[in-house]
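Student: Pasting a structure here, questions to come.
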Amino acid sequence: MTSLVRFIEQTGRSSLTALEEIGYHAALFSESLYWLLVGPFLGQPVRLPTIAAEMMKIGVLALPVVALLSFSNGVMMAIQGIATLQEFDAESQVVPGIAYSVTREFGVLIAAIVVAGRSGSAIAARIGSMQMSQEVDALRVMGIEPVRHLVAPILFAMLLMMPVLTLCADTAALIGGGLYTGIVLKLSLSTFIDRCFDTLALYDLMQGLLKSLVFGVLISLIACANGFSVSGGAEGLGRATTRSVVLSIAAIVVADMIFTYFLNR
Amino acid sequence: MNQAALNPAVDPVIEVTNLVAYYGERRILDEIDLQVERGEIHVVMGGSGSGKSTLLRHLLSLNRPASGEIRLFGEAVNHLSARALHRLRQRIGVSFQGGALFNSLNVEENVAFPLREHTRLDDNTIRIMARMKLEVVNLAGFGQLMPAQLSGGMIKRAALARAIVMDPQLLFFDEPSAGLDPVVSADLDELILRLRDAMGVTIVVVTHELESAFRIADRITVLDKGKILITATTDEVKQCDNPRVQNLLNRRTEEITVDADEYLQRLTDDLNGL
C-alpha cells in the first residue's frame, strides 16, 4: 500500500514538474516573440549582429555535416529501395520513393538532429556557463532582458536557418540517391532529377519546411531553458547539456510523428 | 565620514522595511530594516550564511521577497512595472563577486556594453567613454584583452569600470576583496573611496573582510543568521557590546551547546530500524 501511495505521489510530482517545464518553455517562446516584434518600438531591439552571429553558428557552420549525412542517407535509401523493389520488379519506382521520403521526412529530420546535437548542446552550455558566472544576473541588473539578448536572436536565427538547412539536406539526399540509382539502374542524374520534379508537388516540399520551423522552435526553447536552469557547478552544466540534446531529439521525433499524421491524412 | 550620510534631511537612497526571504522552507532574511543615505558608503558585513548575498540579490530585484518592501530612490521595486524597473536599473551599477564579465567580449567591449544597449551614441564616443572608465580603474591599455586573460584584481577593476560606465547614482559591490591579496585589495578599497569622492555616488558594499569594511565604510550593518545585529558608524560598531558582533570582529567562533538527545536524533532520524 505504501509503495502504491509513493508511486502515485511520484507520478503526480513528475507530472507537475513536466507541466511547469512546458509552461516555462511557452513563456520563453512568447517573451522572445514579444521582443522580436515589439522590442524595436520600445527602443530595445533584438540586435542584428547577434542574429547574424547565431545564423552563422547554427546554420552556415552546420552545412557540411548536414550535407554529408543527407547525401549518405540518400545513397542508403536508394540501396534499400532498389533491393526491396527488385523483389516486385518495380525498382524504377525507387525515384518517387526517395523523392517523397526525403522531402517530407528525412531531409528535415537529419537537419534537425544535427542542429539539436551541434547547436542545442552549445546553446545550453553557453547560457548555462553564463548563468553560473552571474553573467545572466549582470544582464538583468543592467536593465537588459536576458530573453531579449540571449533567447530571441537564437530563436530568430533558428527560424531562418532551419528551412535553409532542410533545403540543403533535401538537395544533398536527392543527389546521393540519384547518383546511386544512376549507377545501378543506368539512369542519368538529370533524368533522376526530372522524375523527382514530376513526382513532387509543392506541398511535399512545404511539409518538410513547415516541420523545420517547428523543430527549430523546439530546439531553441529546450536548449535555452536547460541553459537557464543550470545549477550545481560543472556537473550541473554537463547534465543540462546532455538533457538539452536528448530532450530536443525526443521532441523532434515525437513532433514529427504528430505532424506527419496530420499532414498526410 | 561623508557629511551627506549624517544629514537626516537627505532622502535615503535605499529603504528596506520588514524584509523577509526564504530559500525553500529556510528563512534566510528575518524582518530586515535598513536605510542607506545618499552619498554614503554602507558596508553590509557578516559571515558565510549570514544572508548578506541574499540581501544583495533582493536589493538588486533579482529575487522577490516573501514579504516586506524595498525602496530604491523612493520607488517600491517589488511593485514597479517592467519598464519602470528597466529605467531604474540604468541608475544602478553592480560589480559582482566574480566580475561577471561577458566572456565572449573583450574588456573594452564589456565596459561599452551598457552604453551600446541604453544609448544612441556613435561608436567612437562609446569607445572613448569606455576607455575613460578603464583609465579611472587603472586599466588603460588592457581594453583589447579577453576576460580569461586578466588577473583576479584586473577582473574586479574591469567589472567596476563596466558598473560605472553609465555614471550610476547607486553602486553595489559584492565582495570586492574576495580572492585578492592584501595589496590589491587595499588598492581596490582606495579606488572605491576615490569614486565616491569624485562621483558623489552612493555605494553599498557586501563583504566579510573586516579590514576592508572598516577602511571604506561610513556606516556598517552587521548581519548574522538573517537578522541585523547593528547598523552604525565604524566606531560604534567597534564599541558595540553585542557578543555576536564582537565574535565576528575578533574572528571568534560561536560556542554551540549540543543537546545529546537532539544530536543522536540528527544522526539517526532517517535510518531504518533504529
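Any read-out appearing in this document is the output of simple, stated calculations on the displayed coordinates, not a laboratory observation. Owing to the predicted nature of the structure, the values given are computational and were not obtained by experimental measurement. Please note: Cβ atoms are built from the backbone with ideal geometry, for glycine as well, and neighbour counts cover all protein chains shown.
Student: Whole-Hz Karplus ³J(HN,Hα) for region B:216-224, in order, using 6.51 cos²θ - 1.76 cosθ + 1.60 and θ = phi - 60°, x for Gly and Pro?
Tutor: Once θ is set to phi - 60°, the couplings for region B:216-224 become 9, 6, 8, 9, 10, 10, 9, 9, 8 Hz.
Student: Based on DSSP H runs of at least 4 residues, each adding -39500 (n - 2.57), what is the mean residue ellipticity at 222 nm of the protein assembly as shown after dividing by all its residues, to the nearest 500 deg cm²/dmol? Spell out each step's value before the answer.
Tutor: Numbers: 22 runs with 317 residues, N = 539.
That comes out to -19000 deg cm²/dmol.
Student: Would region A:1-66 count as rounded, prolate or oblate if I go by the C-alpha gyration tensor, calling it rounded below 1.5 in a/c and otherwise prolate when a/b exceeds b/c, oblate otherwise?
Tutor: Values: a/c = 6.87, a/b = 1.98, b/c = 3.48.
Verdict is oblate for region A:1-66.
Student: Would you kindly give the portion of the calculated P(r) for chain A that falls above 31 Å, as a percent of all Cα pairs? Could the numbers behind the result be given before it?
Tutor: On the way: 12840 of 34980 pairs.
Above the 31 Å cut-off, chain A has 37 percent of its Cα pairs.
Student: With an 8 Å cut-off on Cα pairs and a minimum separation of 6 or more residues, tell me the relative contact order of chain B in percent. Numbers along the way, then the final one.
Tutor: Values: 481 pairs, mean separation 64.8, N = 274.
Result for chain B is 24 percent.
Student: What nm value, rounded to one decimal, do you get for the distance between B:Asp259 and A:Glu87 when each label is placed 7 Å out toward the C-beta?
Tutor: 7.8
Student: Dividing the Cα radius of gyration by the Kirkwood radius, what Rg/Rh value follows for region B:89-230? Write down the numbers at each step before the final one.
Tutor: Working: Rg = 15.2 Å, Rh = 15.5 Å.
When Rh is taken as the Kirkwood radius, the ratio is 0.98.
Student: Also: Among the chymotrypsin sites (Phe, Trp or Tyr not before Pro) within region A:71-154, which fall in a DSSP loop and have no more than 13 other Cβ atoms within 10 Å of their own Cβ? Show your work: numbers first, answer last.
Tutor: Numbers: sites: A:Phe71, A:Phe88, A:Tyr100, A:Phe106; in loops: A:Phe88.
Qualifying residues, ordered by number: A:Phe88.
Student: Continuing with the same structure: Select from chain B the helices, each a whole stretch of DSSP H, whose alpha-carbon atoms run 24 Å or more along the helix axis and whose Kyte-Doolittle mean is at least 0.0; answer none if there are none. Mind dumping the intermediate values first?
Tutor: Details: long enough: B:182-199 (25 Å, 0.46).
Answer set is B:182-199.
Student: Compute the helix-to-body angle for A:202-228: its Cα long axis versus the longest principal axis of chain A, expressed 0 to 90° and rounded to tens.
Tutor: The two axes meet at around 30 degrees.
Student: Ok, one more. Return the average number of partner chain Cβ atoms within 10 angstrom of each residue Cβ along peptide A:125-138. Before the final figure, lay out each step's value.
Tutor: Numbers: counts 0, 2, 0, 0, 1, 4, 0, 1, 8, 9, 9, 2, 7, 14.
Taking all residues of A:125-138 together, the mean is 4.
Student: Within region A:15-30, what residues put their amide N at less than 15 Å from the label point 7 Å along the Cα-to-Cβ vector of B:Arg83?
Tutor: none
Student: Work out how much length B:Thr125 to B:Asp235 would gain on full extension: take 0.36 nm times their residue separation and subtract the Cα-Cα distance, in nm to one decimal.
Tutor: Details: separation 110, 0.36 × 110 = 39.60 nm, distance 4.45 nm.
Fully extending the segment from B:Thr125 to B:Asp235 adds 35.1 nm.
Student: Let me know the mean shielding of B:167-174 by other chains, meaning the per-residue number of their Cβ atoms within 10 Å of its Cβ.
Tutor: 0
Student: For the pair A:Glu105 and A:Leu19, what calculated FRET efficiency results from E = 1/(1 + (r/R0)^6), where r is the Cβ-Cβ distance and R0 = 41 Å, to the nearest 0.05? Don't skip to the answer; put the middle values down first.
Tutor: Numbers: r = 30 Å, r/R0 = 0.74.
According to the calculation, E is roughly 0.85.
Student: Follow-up. Å³ per residue of the Cα convex hull, for region B:19-70? Working shown, then result.
Tutor: On the way: hull volume 4.3 nm³, N = 52.
Cα-based convex hull of region B:19-70, divided per residue, equals 82 Å³.
Student: While we're looking at this one, here's another question. What do you get when you divide the Cα radius of gyration of region A:175-265 by 2.2 N^0.38 Å, with N the number of residues? Please list the in-between numbers first.
Tutor: Working: Rg = 19.7 Å, N = 91, 2.2 N^0.38 = 12.2 Å.
Scaled against compact globular proteins, the figure is 1.61.
Student: Now a separate question. Could you state the orientation-averaged shadow area of the convex hull built on the Cα atoms of the protein assembly as shown, in nm² to one decimal?
Tutor: Values: hull surface 140.3 nm².
Convex hull of Cα atoms, orientation-averaged projection: 35.1 nm².
Student: How big is the Kirkwood radius of region A:112-183, worked out from every pair of different alpha carbons and given in Å to one decimal? Don't jump to the answer; show the numbers that get you there.
Tutor: Numbers: mean 1/r = 0.0679 Å⁻¹.
Over region A:112-183, the inverse of the mean reciprocal pair distance is 14.7 Å.
Student: Please say if region A:1-151 is rounded, prolate or oblate, where rounded means a/c under 1.5 for a ≥ b ≥ c the square roots of the C-alpha gyration tensor eigenvalues, and otherwise the choice is prolate for a/b larger than b/c and oblate otherwise? Kindly include the intermediate steps, with their values, before the conclusion.
Tutor: Values: a/c = 2.84, a/b = 1.46, b/c = 1.95.
Judged from the Cα gyration tensor, region A:1-151 comes out oblate (a/c at least 1.5, b/c at or above a/b).
Student: Just checking the output field for B:94-102: average partner chain Cβ neighbours within 10 Å of each residue's Cβ? If you can, show how the numbers build up before the last one.
Tutor: On the way: counts 6, 1, 6, 1, 5, 4, 9, 4, 6.
For this peptide, the per-residue mean of nearby foreign Cβ atoms is 5.
Student: Same structure again: If you take every DSSP beta bridge whose two residues both sit in the protein assembly as shown, what share of them, in percent to the nearest 5, is antiparallel? Walk me through the numbers before you get to the answer.
Tutor: Numbers: 21 of 39 bridges.
Of those bridges, close to 55 percent are antiparallel.
Student: Then there's this: Can you give the three extents of the C-alpha atoms in chain B along their principal axes, from longest to shortest, in whole Å?
Tutor: In descending order, the Cα extents are 71, 49, 42 Å.
Student: What is the calculated FRET efficiency for B:Asp11 to A:Phe41, with r their C-beta to C-beta distance and R₀ = 35 Å, to the nearest 0.05? Before the final figure, lay out the partial values.
Tutor: Numbers: r = 34 Å, r/R0 = 0.98.
The calculated FRET efficiency here is 0.55.
Student: What percentages make up the Cα-Cα pair-distance distribution of region B:203-249 when the bins are 5 Å wide from 0?
Tutor: Per 5 Å bin, starting at 0, the Cα pair percentages come out as 5, 21, 38, 27, 8, 1.
Student: Can you sort B:Ile192, B:Ile92, A:Ile175, A:Ile123 from fewest to most other Cβ atoms within 10 Å of each residue's own Cβ?
Tutor: Details: B:Ile192 21, B:Ile92 24, A:Ile175 18, A:Ile123 27.
Ranking B:Ile192, B:Ile92, A:Ile175, A:Ile123 by Cβ neighbours within 10 Å, fewest first, gives A:Ile175, B:Ile192, B:Ile92, A:Ile123.
Student: Over all pairs of distinct alpha carbons, what does the Kirkwood formula give as the hydrodynamic radius of region A:114-257, in Å? Intermediate values should be presented prior to the final figure.
Tutor: Working: mean 1/r = 0.0582 Å⁻¹.
Kirkwood radius, region A:114-257: 17.2 Å.
Student: Here's a follow-up. Stretched out fully, how many nm does the piece from A:Leu68 to A:Phe262 gain, at 0.36 nm a residue minus the Cα gap?
Tutor: Details: separation 194, 0.36 × 194 = 69.84 nm, distance 3.00 nm.
Separation in residues times 0.36 nm, less the Cα-Cα distance, equals 66.8 nm.
Student: Going by amide H atoms built from the backbone, whose H comes under 5 Å of the H on B:Phe173, apart from near neighbours?
Tutor: Answer set, sorted by chain and number: B:Ser95, B:Val204, B:Val205, B:Val206.
Student: From the Cα gyration tensor of region B:158-274, with a ≥ b ≥ c the square roots of its eigenvalues, which class applies: rounded if a/c is under 1.5, or else prolate if a/b is larger than b/c, or else oblate? Numbers along the way, then the final one.
Tutor: Working: a/c = 2.88, a/b = 2.05, b/c = 1.41.
Verdict is prolate for region B:158-274.
Student: Give the order of A:Glu87, B:Glu209 when sorted by the count of other beta carbons within 10 angstrom, beginning with the fewest. Don't skip to the end; give the middle numbers.
Tutor: Values: A:Glu87 8, B:Glu209 19.
Listed from fewest to most nearby Cβ atoms, that is A:Glu87, B:Glu209.
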